Structures are given as structure tokens and as C-alpha cells.
Amino acid sequence: MEYVYGLKKSGISIIKFFNKNKIKYHCWDDNEYTRKKVSKIILNNKLINPDLTNLNEYTHIYVSPGITVRQKKFKKINKNKLVRDLNLYWSHISNEKIVAISGTNGKSTTTKLIGDMIKKHNISAFVGGNLGKPLLDSLLVKKKFTHHVIELSSFQLELISSFNPKISVLLNISQDHLDRYIDFKDYIKQKKKVFTNNKTGYNLISLDDTYCKNFYTNRKIINKISFSTKNKNADIYYNNFTIYDNFFNLNKKIKINKISRDLNGDFNYQNILVAYIVSKILKISKNIFLNNLSNFKGLPYRNKILVNNKNLIIINNSKATNVEAAYKSLQNYNNVILILGGTAKEKNFKKIKKLSGKIEIVYAFGHSSEFIKNQLHHNIKVKKYKNLELVIKNIYKSFKENLIKKTILFAPACTSYDQYKNFEERGKHFDLLIKKYNRRFINAQN
């Protein structure tokens, strides 16, 4: 008998897999609304509260990635029983070629970029994981995918002991999810589990941060390909719209003439490098790779330009849920009105101060607004408001008639859970608020 704890996307996918394969299970979600919502697909009253039963009786306890296994109810459980959806997925993989992508920031964009490219090459590909469709969905359809492009979070990786994809990617590591881990070293340890140790697989590792560089120098990690936007000695290097390939072809240069606006920002150059390396490994033509870059349609709420006119540039990067993501987004702009807020994962926002010359003012909102203000106000002007609508309302209220071009950057550097279900709901609300107040501003000027 199996047990599924947490009935959001990954949990539902596991249940559907169990139903299809006639595997016995019990399940639960702590949210009553969620339990009612999924009750239609749960067979024969399988809902059993984990507080009312001995979890050690089950073969495995499949815990949703959104739930920490450091809860009290798991303390007496045999640790080998605690697993995630990745464990079940990996145990049923046979000959599929997996491209597994992890890192603190940029995972989703890279996953979609590679997935789109592979599909344009007419390869049957499943694209999902932490992004979009849950991992088990790949095993629920009649269609067989020869390739899987999957985004993996540290939460999915933390309970797996053996994982060997065809291509493993580590984009970057910076402080994140410290509320879920013992310390930063513990977080880094989980990210390491993305690497393959089979002799035919590839490990793609960035040299652009200290932690990834340490992995690259680790002799136990084999079949490595380094990539960088800073280090010319990397196997694959990017500079000034040119890829320098010293791995597949010595001293080869690939000029990039056009990049989609949805790949704007220096931080996307890493994603482009990874897509190039994957294209070479999978023997995808250069034309398909370049065409994919120029026509790429990005995911919502990830550095999306909403307005770009003589008065304003407005960017929605609601996906920036940590300080590093906000910092990287900020690097690309000047005269910035920066919007931060939500619930902080980290105790230190001081890295933002390094770019204080780019910031005109910070507007902070939500649960951690006071904390953010205390961190930054000695170096940067900070205004604090209760919610996002008050922020947008007061930003537009501050504008004068002869507005010198400014950039409104929404890169919260916090989770959204204090006022929203997720970063998508927060991003959608930001879009609506900009539409509302920008229209009023334009009408007032005419």
C-alpha cells in the first residue's frame, strides 16, 4: 500500500498513475477545499489523515514537493520510505533521453527554450516537471516520448539517491529556500543530485558563480561541459551576441543576429548557451537553434516587458522570488522604480545596495515590507505600503507632466504567499494594475 501526502499537481498525477496501474494507496491533503476538489478522481474513499494512522505501515510515502519532510509527523518514519514524484518517475523510465535542468534561477525559461527547440526538430518530447505538467503525466498518455525535458527543484531532488539523465544542467546557485533547509550548504547538497554519473551522459555546469565552479572542479563529477558569460576559458562562452565553442569545434564562432524580446536581459545568455550545447549533443541543426532564439515565446511573469514608450519601461518579473533573481533583473536597467515585497525567504537584502546607483526609489509592500525598508533605507529611498495596488497607485501619483523616462521594475525578491496563491496570481494582478493605472495616466496627459 502506497501513501500520497499533498494533492496539488504532482500528488494528483501520482494518484492518476496509481489508478491506471491498479496500485493500492491512501492519500491526504491538509487543505479541506483541495480534498473536496480532487475527491472525484480518488477511488473508494482513500482519504486517510496521516495524523490518524501509522505512516510506517506504507511501502512509500509520496510527499508533495511543497511540503517539507522535516515536519514532526515524519520524524519517526523510516527515511527510505519518504519519496517525491521524481522517485516514482525515475523508477519507470526505460530508454527515454532526459534533459534535467536545475539551478536557483532561470530553470523554467531554459526548460521551455530547449523543449521548443527539440519539438521544432520533430522529436517527440515531454516538457514538464517543476514547470507545467507534472513528471508522472509523461507516463499517463499513450504517446511515447523519446525525449523528456524536465525542470527539477531542490525539493524534488532532495529525496532521490540515484538519478542518471542523459543531460544534466546546473545553471546557477544562490541563496534560496533557506526556510526549508538546515543551511545554505544543505541546499547546495540537494542541487548536486541533478548530476548524472553514467559514462554516456553529460553534465553542463556554469562557471559564473562560485558554487557551480566548485562542482565543475570536483573530480567525482565526470563528462563535464562548462559554460559561461564571464569566463573566456569555459568550453562554451558567450559575449556580444556571439557563442565561442571550444568543445565541439575548436575556436568556432556562432553569431546570433536576432534574439526574441522574451529573452531580453543578460541573465538569459546562460539559457542560450545551454540550449546551444543541448542542440550539439542531440545533433539539432544550427538553423533550428537560431530560429528558436529569434521566435521564442517566453513564459508569463518572467521579465516580461509590459510597456516600452518615451515615458516608461514597465517589466513584470513576479517570478523573481529571491534576492539574486531581483538583483540580476535590476542589472539591466537604469532610473529604476523598484518594487519589492511579499514574504522574504532570506535575512539579507543588502546585495540590492550594490546597484543603488540604478535605483531611484524602492516601493516595498506586504508581510516583509518593514524588514526590507530597514535593510535598504540607509542607502536607498524606500516607501512602504500595505499592498501592491497602493504601490502602483502611488507610483503613478508621483509622476509629473514632463516625465523623464523611468523604468518600473516589479522583481519582488520574496514569495507571494502572504497575499497571493502563487507568483502567477501576483504577476497577473500586477498586469491588471498597470493596465488600469497606465490608462488613467495616458488619459490625464491627453
task = First select every other residue whose beta carbon is under 9 angstrom from the beta carbon of Leu338; then total the charges, Lys and Arg +1, Asp and Glu -1.
result = 0
message = Report the Cα centroid-to-centroid distance between the stretch 309-373 and the stretch 4-25 in angstrom, as an integer.
response = 39 Å
message = Could you give the length gained by full extension between Lys76 and Lys119, i.e. 0.36 nm per residue of separation minus their alpha carbon distance, to one decimal place?
response = 10.9 nm
ask   = Just the Cα atoms of the stretch 2-83: what Rg and Dmax do they give in Å?
value = 11.8, 32
Mean ellipticity per residue at 222 nm, deg cm²/dmol - from DSSP H runs of n ≥ 4 across the chain, formula -39500 (n - 2.57) = -9000 deg cm²/dmol
key: Relative exposure of Leu113, Leu293, Leu47, judged by other C-beta atoms within 10 Å (fewest first)   = Leu47, Leu293, Leu113
message = Quick one: 3J(HN,Hα) in Hz for the stretch 32-40, Karplus 6.51/-1.76/1.60 with θ = phi - 60°, rounded, Gly and Pro as x.
response = 4, 4, 5, 4, 5, 4, 9, 4, 5
message = At a 10 Å Cβ-Cβ cut-off, how would you order Lys36, Lys8, fewest neighbours first?
response = Lys36, Lys8
inquiry  = For the stretch 291-387, compute Rg over Rh where Rg is the Cα radius of gyration and Rh is the Kirkwood radius from the inverse mean 1/r over Cα pairs.
reply    = 0.99
message = Based on Cα coordinates alone, diagonalise the gyration tensor for the stretch 93-295, multiply each eigenvalue by 5, take square roots, and list the semi-axes in whole Å, largest first.
response = 24, 22, 16
ask   = In vacuo Debye scattering of the chain, one point per C-alpha: log10 I(q)/I(0) at q = 0.10, 0.14 Å⁻¹?
value = -0.78, -1.38
remark   = For the stretch 355-361, in residue order, the Karplus 3J(HN,Hα) values (coefficients 6.51, -1.76, 1.60; θ = phi - 60°; whole Hz; Gly and Pro = x) are 10, 4, x, 8, 9, 7, 7
query = What FRET efficiency do you get for Asn311 and Lys143 if R0 is 45 Å and r is their Cβ-Cβ distance, rounded to the nearest 0.05?
reply = 0.40
ask   = Among Asp51, Asp245, Asp30, Asp85, which comes first, second and so on when ranked by fewest other beta-carbon atoms within 10 Å?
value = Asp51, Asp30, Asp245, Asp85
inquiry  = Please list, in order along the stretch 415-424, the HN-Hα scalar couplings obtained from phi with the Karplus expression 6.51 cos²θ - 1.76 cosθ + 1.60 (θ = phi - 60°), rounded to whole Hz, x for Gly and Pro.
reply    = 6, 9, 5, 6, 10, 9, 5, 6, 5, 5
query = Distance in nm between label sites at Asn379 and Ile259, each 7 Å beyond Cα in the beta-carbon direction?
reply = 2.6 nm
task = List the relative contact order of the stretch 93-295 as a percent without decimals, with contacts defined as Cα pairs under 8 Å and 6+ residues apart.
result = 20 percent
query = So, in Å, what gap is there between the alpha-carbon centers of the stretch 32-83 and the stretch 110-152?
reply = 27 Å
ask   = Taking the Cα-to-Cβ direction at Asn348 and at Lys400 and moving 7 Å from each Cα, how far apart do the two end points lie in nm?
value = 3.9 nm
request  = Could you check the simple spin-label distance between Asn239 and Gln331, using points 7 Å along Cα→Cβ, in nm with one decimal?
outcome  = 1.5 nm
task = Starting from the amide H of Val69, placed 1.01 Å from N in the peptide plane, find each other amide H under 5 Å away whose residue is 5 or more places distant or on another chain.
result = none
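Taken together, the values in this text are just the output of simple stated rules run on the coordinates, not laboratory data. Not measured: the values here are computed from a predicted model. FYI the Cβ positions are ideal-geometry reconstructions off the backbone, even for glycines, and counts take in every protein chain you see.
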